[in-house]
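Here is the structure we will look at.
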Amino acid sequence: MIRALTLFLCLIGTAALSESMKLAVTTSFHNSGLSDVLLPVLLEETGLEVQLLIVGTGQALRLGRAGDVDAILVHSRADEDVFVAEGFAPYRREIMYNDFVFIGPSSDPAGIANAASIEQVLNRIAIEKALFVSRGDDSGTHKKERALWQAAALDTETFGAWYKAVGSGMGASLNTASALNAYILADRASWLNFRNKSDLKLLSSRHPELFNQYAYLPINPDKHPHVNVEASQLFENWLTSSRSEHLINAHRINDEALFVFNASK
Amino acid sequence: MVALVPIATLKDVTVKRRGKTILGPISHGLESAGFTIVLGPNGAGKTTLLNALHGVERLSDGSVTWTSPDHASYKDQAFVFQRPIMLRRTVRQNLAYPLQLLGHNKNEIETEVMDWVGRVGLNGVLDHFAPRLSGGEKQKLALARALIQKPKVLFLDEPCANLDGRSTREIETVLSEVNTAGTSVIMTTHDLGQARRLASDVVFLLNGQIHETGLAPHVFEAPKTPEAKAFFQGDIVE
Amino acid sequence: MNEIWAGLLAAFHLIVTLDGDLVEITLRSLQVSLSALVIASALALPFGTWLAIRRFRFRRATIATLNALMGLPPVVVGLIVYLLLSRSGPFGVLGLLFTPTAMIIAQVVIITPLIASITHQAMRELWAEYHDLLISLNTSNRQRVLTLIWDGRRALLTGALAGFGRAIGEVGAIMIVGGNIDNATRVLTTAIALETGKGNFALALGLGFVLIALALLVNFAIHALSRTERHSTW
Ligand SMILES: Nc1ncnc2c1ncn2[C@@H]1O[C@H](COP(=O)(O)OP(=O)(O)OP(=O)(O)O)[C@@H](O)[C@H]1O
Ligand SMILES: [Mg+2]
């Protein structure tokens, strides 16, 4: 046991040697498989190791505020603006976007597949009182979903038992929806990578409101002097390079592109 | 040749358990001629008295003062309990334990252990697990473990209760030897024959009180109290 | 049923191919939980024993607290350790958050009360048995504690194993303080949570079987060790 302890101490010792930074990202970034495409290339080309903390947007913002990470990559515009206004990040830089999709039972009891607008999609679900699983965890996806209900003039507080806020990550929520055969709002990447689809099917997407902008926010060293500014700058430069643009646009699952690179170079 | 010398002063010694006084209050100058036998019927308080003298029994009141500072502390005394306490170790390790506590070196311990294991006749079970020994073997081990400490005062609470006739005689020989070598012995027994063989002096206990004391020949031949007389004749005393 | 079968197959595949990630994650799990076990035992065994032999004023309150701490949900421990180690927390300067050290700290907090409580139970009995002898032999407190720990080591081993089981199977706390970072703080349980989140049940279950196998293995190993050691004496 003492040997295990020494071994372990040695391992921490060596881990600290290489250049690395901590990045809080949303679940979708990782679940899409994009991180597995980008990070090894980054490591090879620049020697920078990015340690990912895969969390919801709410927690990513918290980790950033506390200075526990060097940068965050999230998708929740309003929160990002507040974050910058409070000075926790000097700026936000748009990187890419993906989109949200409505998933539901293949029988589509609410008939959302042929709805003309998001407002119609949501109204049909609400009128039908079809089972709907909400992330309920204050993540970017959850915030998006709430904003959509609000825009459709529907109050989630008044919903009955058919509206289930599960308070879990995308994967766990998808598992729940799959088990209940319920409707759910998911990001396309998580959905395409999801392996437990059962009877669920993609029913509605490509509405303009469903686009989802990712932004990179380095933590301000004025707030947290210990952050690795060099590393986060290096990562930002690489992430907005043509190399990264190519990798992001070329990343496909089942022959579907997931992300569109739109960083200003 | 034998003369009583004061060894300890008991002042208001009282032991109460669950509101009941099981010993005392005793105020008494304890005198010994070297081998003190404590006698009395079951429940008289013999074990409690020995425990109180040694200091493993919490006194409810009073105090015990040893006359000679050489007798006063735990390290000058050793105790063989009525129900032998076996460490969950081998016989060898049980014997070595008191010496290890004192920081003796390995060779010394080995020599002493082998010496004592021979004297109490436990050679055959040296590496057996002590809690699995027979009642008699446990008694012998507990005695050897007490003697290996070379105590100035040795307390024995019915050390021969589980022993057969032969083992009893062997143990009595050992006890006489250590007593001659200068160890004061304070021992309880229900074996009146043994008491007569070993005692230099007697403490007769009844109902938690010291009822009668004196040199062994006097007490046995001419007890002053009718209760002691009856007890020595094998009658029931209350 | 189908899924369990697929999980078994996945586990089998991972093990026979000595999957690199699996080996790394498994070793890290062992590293973290064994370190936590060693540290927790070093604290809990003497403390639990001391609690059994000493009478002091707040003894009952201490024991009650210990038992309450034993039921503390790991996530709460994780959250508290997180807040303490966060850069904005009191120990932020140490930079320990999201490192294996943070995970070890959280696990130590989780299993120390458990081991101490089991130790206390076992040692109370042994102390009742040894009490008169150890007092008569004029032992110091230190000697008493050491003697009890040594002679009660079988019961303590059980306590330590319970602690290890709880540590290696724990996910809530180490997810929060470790962050489940690939190649840095990902262990079996957090990997299982991650794969479950991806709906990748077969792999998650496979990792789960590895975890069970590992726990069994450590249990057997420790029991075997203690048996060979006892063999000569019993
Ligand atoms: N912890 C206790 N609580 C209550 N009563 C006790 C306790 N310990 C001893 N006693 C009682 O005190 C009395 C004296 O006990 P003690 O063991 O001293 O007797 P003894 O003379 O040694 O008897 P024996 O010859 O049977 O060994 C007994 O009646 C016993 O039941
Ligand atoms: Mg008795």
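The values are calculated or read from the model by the stated rules, or taken from the named source; none is laboratory data. Note that the structure is predicted; figures quoted are calculated from it, not measured. No Cβ is skipped: glycine too gets one built from the backbone with ideal geometry, and neighbour counts run over all protein chains shown. The protein model used for the area step is the full one, side chains on, heavy atoms only, and it has no ligands, DNA or RNA in it. Shrake-Rupley method; radii C 1.70, N 1.55, O 1.52, S 1.80 Å.
Take the residues in region B:161-195 that are in contact with a helix residue (DSSP H, G or I) (Cβ under 6 Å, 6 or more places away or on another chain) and open to solvent by 20 Å² or more (accessible area, probe 1.4 Å), then tell me which one is farthest from ligand 2 (Cβ to nearest atom).
Within region B:161-195, the match that is farthest from ligand 2 (Cβ to nearest atom) is B:Leu163.
What pairs come out if I take residues in region C:110-134 that are within 13 Å of chain B (Cβ to nearest Cβ) and pair them with residues that are basic (Lys, Arg) whose C-beta lies under 6 Å away, six or more apart or interchain?
Listed by first residue and then by second, the contacts come to C:Leu134/C:Arg144.
Quick one: how many residues across region B:130-149 are open to solvent by 20 Å² or more (accessible area, probe 1.4 Å) and either hydrophobic (A, V, I, L, M, F, W, C) or away from chain C (no Cβ under 13 Å) (or both)?
4
Could you say which residue among A:Ala215, A:Ala231, A:Ala189, A:Ala179 is under 24 Å from C:Ala204 (Cβ atoms) and buried (at least 19 other Cβ atoms within 10 Å of the Cβ)?
A:Ala189
Restricting to region B:126-137, name every residue that is part of a helix (DSSP H, G or I) and either within 16 Å of ligand 2 (Cβ to nearest atom) or of a type outside the set (Lys, Arg) (or both).
B:Ala130, B:Pro131, B:Gly135, B:Gly136, B:Glu137
Identify all residues within region A:141-155 that are more than 14 Å from A:Ile184 (Cα to Cα) and open to solvent by less than 70 Å² (accessible area, probe 1.4 Å); write none if there are none.
If the condition is that a residue be more than 14 Å from A:Ile184 (Cα to Cα) and open to solvent by less than 70 Å² (accessible area, probe 1.4 Å), then A:Ala147, A:Ala152, A:Leu154 are the ones that fit.
Looking only at helices (runs of 4 or more DSSP H) that fall completely inside region A:179-265, which ones have 3 or more residues that are assigned by TED's automatic domain parsing to the domain that holds A:Asp81 and modelled with pLDDT of 90 or more?
A:229-239, A:242-250
Mind listing whichever residues of region B:173-212 are within 16 Å of ligand 1 (Cβ to nearest atom) and among the polar types (S, T, N, Q)?
B:Thr188, B:Thr189, B:Gln194, B:Asn207, B:Gln209
Starting from region A:224-244, take each residue that is within 14 Å of chain C (Cβ to nearest Cβ) and list its partners that are part of a helix (DSSP H, G or I) and among the small types (Gly, Ala, Ser), counting only C-beta distances under 6 angstrom and pairs at least six apart or across chains.
none
Can you tell me which residue is least open to solvent (accessible area, probe 1.4 Å) among those in region A:88-114 that are under 24 Å from A:Glu256 (Cα atoms) and not in a strand (DSSP E or B)?
Across region A:88-114, the extreme among qualifying residues is A:Ile112.
Residues that are of a type in the set (D, E, K, R), at least 1 per element: which strands (runs of 3 or more DSSP E) completely within region B:4-98 meet that?
The strands (runs of 3 or more DSSP E) meeting that bar are B:5-17, B:20-32, B:61-66.
With within 16 Å of ligand 2 (Cβ to nearest atom) and open to solvent by less than 60 Å² (accessible area, probe 1.4 Å) as the only criterion, which of B:Ile7, B:Ile22, B:Ile26 stands out?
B:Ile22 is the lone residue from the list that is within 16 Å of ligand 2 (Cβ to nearest atom) and open to solvent by less than 60 Å² (accessible area, probe 1.4 Å).
Working only within region B:55-78, note down all residues that are modelled with pLDDT under 85 and of a type outside the set (Asp, Glu).
Across region B:55-78, the qualifying residues are B:Ser68, B:Pro69, B:His71, B:Ala72, B:Ser73, B:Tyr74, B:Lys75.
Only one of (1) crowded, with 19+ Cβ neighbours inside 10 Å; (2) within 14 Å of ligand 1 (Cβ to nearest atom); (3) in contact (Cβ under 8 Å) with a residue 60 or more places away in the chain fails for B:Ala216. Which number is that?
(2)
What are the pairs, 6+ residues apart or on separate chains, where a residue within region B:44-62 that is more than 14 Å from chain C (Cβ to nearest Cβ) has its Cβ under 7 Å from a residue that is open to solvent by 20 Å² or more (accessible area, probe 1.4 Å) and within 11 Å of ligand 1 (Cβ to nearest atom)?
What qualifies is B:Ala44/B:Asn207; B:Gly45/B:Ile22; B:Ser60/B:Lys16.
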